[in-house]
Each structure stands twice: as structure tokens, then as C-alpha cells.
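So the structure is just underneath, and the comments pick up after that.
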Amino acid sequence: MRILYVDIDSLRPDHLGCYGYHRNTSPHIDAIAEGGVRLTNVYTPDAPCLPSRTAFYTGRFGIMTGVVGHGGTAADLRVQGRSRGFRDWVELQSLPSLLQRSGLHTAQISPFGQRHAARQFYAGFNEIHNTGEGGMESAETVQPVVMKWLDDNARRDNWYLHVNYWDPHTPYRVPAEFGEPFADDPLPEWITDEVLQRHVAMPGPHTALDIAMYDDKENARYPRQPGKVTDRASLRRLFDGYDTGVRYADAMVGQIVEFLKANGLYEDTAIIISADHGENLGELGIYAEHGTADHITCRVPMIVKWPGLAKGEARDALHYNLDWAPTLAELLGRKSESRWDGKSYALTLKSGAADAGRDELILSQCAHVCQRSVRWGDWLYVRTYHDGYHLFPKEMLFNLKNDPHEQHDLAPSRPDLCREGLMRLSEWHDARMMDLASLGYATDPLWTVIEEGGPFHANDQSLARTGYCERLEATGRGWAVEEYRKRHPRAF
């Protein structure tokens, strides 16, 4: 069995043609989707990068592993303690380790493990090819390594290769010679001038005036990345920068497909296209960042082309990205690990049977804000514990069918649904804390993040030294400073 897993960082599914995007960002990925199954409602339970990939390869929620953030205690796995043997549970029970035991040679091409000091990303891999720039590399750095590996190994049987492209991730870094493929394409209709001007008035990191986080500084190395968005021209620069990153990564996928076809390997190779998280491009007033526990940050593409299984079909049921671990195990005839939190959806890939999916999904973000959300039916309920200086209300509610870009908070008018969302969240939390207690732990890492001063990218210790309050005053948003003082007294 040959399995290629393509991991495109920050890739929003709704910016792919096969998911309905109006721009031609993904012709090669779209062709793969035509030969496989496209899952439309897959979410990472823990965003952004480090928590998501930890969940994906360990098969466990962040509340269980302890990894829910990008720094502090919440960036490290829980210490296993006295129950640890010669090898720890990650080495023994990760998805790549199961693949190894299934007779597959496992390889990865990615700088991610070093970028986040994440040993769990390496566990179970026979080969690790670090492309060396800590996630700042563009695909022209990654692709020669990919193509050499394929030329050396692809004709063999029984391998699993994880390939990681970064081009849609900020800063948008596609080389200038790739051109401007979307210069004549319309922008998404939902960001009207009225919506944009409302966003310009908002405070907080990565908002329209502060895309660089706490200011509007630009880096000459990345001309596709604006420092602020104030009008249609700068808005186009941002959207075109992101979409060109998608198109550039798609071109690399096309080169891989061409190689596999030229060597008679394409039909017999399983190809999975996915991501660690999405990218807010104006949703909740945030631009060029993956900073919330919402539909946009947490939803990922999941395209599965598997020899002999369903083709050209879509599945709309709710799934986590960590459901792929037991799904892949079942497809390979293996049992899932007992510690995994995922649920297999292999049956719907095999037979086309109706996919019931999950009744609800719990989404978490503790790197830019501290939030947990519940997705059920058409609804998304968001509860905020630390607002990351965005001044989000304690609870928000969105109807994703009618409002996929989260423009209309219905929480004030639907307290009944907010109560239901809170109940669902509370019941999930109680169950996870009982699971933790059975393993000898008693701490929810979300509260550890708050105890340590807030999310790594917007914590109470950092606000004062950025001079951001002075910037808010200078840009006509000084009204927010007093509210910051009320909500975040440790920052002042």
C-alpha cells in the first residue's frame, strides 16, 4: 500500500474549487477530489498548528494530551510519570507508529517538528526530512526534496509519506515570478465596503489596521502580505496573496500527480489532501490569521482518494481531523488504539453508506484567544474565556448555513440555543475531565493558559510592552483601552 498525505498549512476548504470557490485556485486538487471522496465538515478539535497536528497524530483531544497552545505549559505534552515504560505512550500509540507496525515505511518532509519543538510529530517515522527554515520556506524549497524522495522510493510498496507545504500560511510568500493569477478575478462578495469599514474600527491583534499583530508594519521580503486592509486595493492584495499561496501549493501537487502517473503509480496510490487549520480572512474582524475557535479557523479540507473506494462523492457529516487515525487503521485492517478519541468513518468510504458522523464537535483555541465552541446542526456556539484583546463577548452564536462568514451574532436573540450550546460544552467537558482523572490528571490546560497570563500570542504580559494602547489612541480606537483595563488588569 502506498499512502501520500499532503498537508497544506492554513488551507481553507472554501478556497478550493472542489468546495465551491469561484476562483481557480486548485485544479490539481480538484482532479484528485473527482477520483475520491470530499468530506465537507471536518474540523480540528484544537487550533492552531501545534495543537492540531498533535491531535491528528496522537489521535487525542488537546485537553487529554495537554497541548492546546503555542507556548508555556500548554505547548508540552503531559508528563506521563510512573506509568512510562522504556517508550512513552506517544511512541507506542501514535498513528505513524501504528503504520510502522502495519509494515509501512513512514517518512515525512516538513520542518514542523523543529519549528514547534514537537517530538510527538516525529514519533513513529522512519525518515524525517527537515526542509530547514522553520515553516518560512516556500514550496520551491520543499519540492526538490519531495521529488527526490519519490524518485528514490515511490516505486516500492508499503510506504506512507507526509508532505508539508506552507505557502498559504502568513506571511504570503509565493515568489514574484509566479505572477498574479487572480488579478482579474472578483473578490468574495460578502466583504462589502460597509463590512470593511466596520472592521477598520475594530481593535485587536490581526484586525484590519493591525495585520502584523500589534501594528501595520510590512516586510519587503513578502510583498504579497499587506500590513493593513483599508480599501478594495489592499483587500485584493490580501486575498490574492492567500489564494496565490493555495494555487502555488496546488501546482506542486500537480507535479507529484504527474510523476505518479508517468510511473504507473497513480491509480494504486492513496492520496489524502488536508490541512492543520483554516485562515480567517475577515471573519470575526480578523485578517490573515488562524486565531479563534470558529468555523473558519477550525474547518479543514479532507479529500480521500483511496484505490477501490468511492469516487467523486461528497460527505457532509461532522468529523474531527483525528477521526482519520481510526479510519486509516480500519482501511488497513488494523484495530484502533485504545487511547484514541477518534471514530472511524471507513464504512462510508468503502460502501458509500450514509455517514451519520458525530452529533456535535467541540472546538478549542488557546494560542491567540482562549475559546471553546460547539458545532451542531447549522449552529456554532462560541464561548470566550480570554478574548486575546479582541473584546469578544462571553458567548456568540452563528447560523452557519445562513451566515458562513460569521457576520451576525445571534446570541442576544437566541438565549435558548446558547443554553443548549453551553450544556453540550459542559457535558463534553465533564466527560473529558473524568477521562483525565482516570489517567491521574486533574487540570484542564485551558485554565493553565489563563493562569500563566493568557494565550501565547496575546498574553497579559506582552500587551503593555507593545505600545498597542498608544497605537489604539493614535488610530481613533482609544475607546478600547479602558475596556482592556477592565478585562485584563494584569496587563496594566
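The numbers here are math on the coordinates, done by the rules we state, and not lab data. Just so we're clear, the structure is a prediction, and the values are computed from it rather than from any experiment. Cβ sites come from the backbone with ideal geometry, for glycine too, and all protein chains shown count toward neighbours.
Annotations for the structure displayed:
- Backbone geometry of the stretch 282-298 corresponds, through the Karplus equation with coefficients 6.51, -1.76 and 1.60 at θ = phi - 60°, to 3J(HN,Hα) couplings of x, 4, 6, x, 9, 10, 6, 7, 10, x, 9, 9, 10, 4, 7, 5, 8 Hz, x marking Gly and Pro.
- Pairwise centroid distance, computed over Cα atoms, of the stretch 1-34 with the stretch 38-52, Å: 15
- For Val300, residues with placed amide H under 5 Å, excluding near neighbours: Val42, Tyr43, Thr44
- Panel note: the C-alpha atoms of the chain, placed on their principal axes, show extents of 63, 57, 41 Å (largest first).
- Unsatisfied cross-links (Cα-Cα over 30 Å) in the set Lys401/Lys486; Lys305/Lys335; Lys305/Lys394: Lys401/Lys486; Lys305/Lys394
- Alpha-carbon centroid distance for the pair the stretch 347-387 / the stretch 228-265, whole angstrom: 27
- Efficiency of FRET from Cβ geometry, Arg419 and Ala233, R₀ 56 Å, rounded to 0.05: 0.80
- Quotient of C-alpha Rg and 2.2 N^0.38 Å, computed over the stretch 326-425: 1.34
- Note on Gln407 and Asp151: their simple-model spin labels are 5.0 nm apart, each label 7 Å out from Cα toward Cβ.
- Restricting the chymotrypsin sites (Phe, Trp or Tyr not before Pro) of the stretch 58-126 to loop positions (DSSP other than H, G, I, E, B) with no more than 15 neighbouring Cβ atoms within 10 Å leaves Phe86.
- Flagged links, alpha-carbon separation over 32 Å, of Lys228/Lys343; Lys261/Lys350; Lys148/Lys311: Lys228/Lys343
- Between the residues His295, Pro445, Ala139, the greatest Cα displacement towards the positive end of the dipole of the chain, with unit charges on the Cβ of Lys, Arg, Asp and Glu, is found for Pro445.
- At 1.002 mPa s and 20 °C, Stokes D of the stretch 160-302 from Kirkwood alpha-carbon radius, µm² per second: 130
- Placed amide H near Glu127: partners under 5 Å, 5+ positions off or other chain: Thr106, Ala107, Gln108
- Ordered by the count of other Cβ atoms within 10 Å of each Cβ, fewest first, Ser102, Ser373 give Ser102, Ser373.
- Test item: Cα-centred dipole of the chain, Lys/Arg +1 and Asp/Glu -1 on Cβ, debye: 1260
- Distance between the stretch 428-492 and the stretch 147-213 - C-alpha centres, whole angstrom: 27
- Under the Karplus curve 6.51 cos²θ - 1.76 cosθ + 1.60, θ = phi - 60°, whole-Hz ³J(HN,Hα) for the stretch 385-396, x wherever Gly or Pro sits: 10, 9, 7, x, 6, 9, 6, 5, x, 4, 9, 9
- Formal net charge of residues neighbouring Leu397 (Cβ-Cβ distance under 12 Å; K, R +1; D, E -1): -3
- Efficiency of FRET from Cβ geometry, Asn263 and His22, R₀ 30 Å, rounded to 0.05: 0.30
- Summed residue charge, Cβ within 13 Å of Asp243's Cβ, Lys/Arg positive, Asp/Glu negative: -2
- Pair Ala176, Glu218: separation of 7 Å Cα→Cβ label points (nm): 1.2
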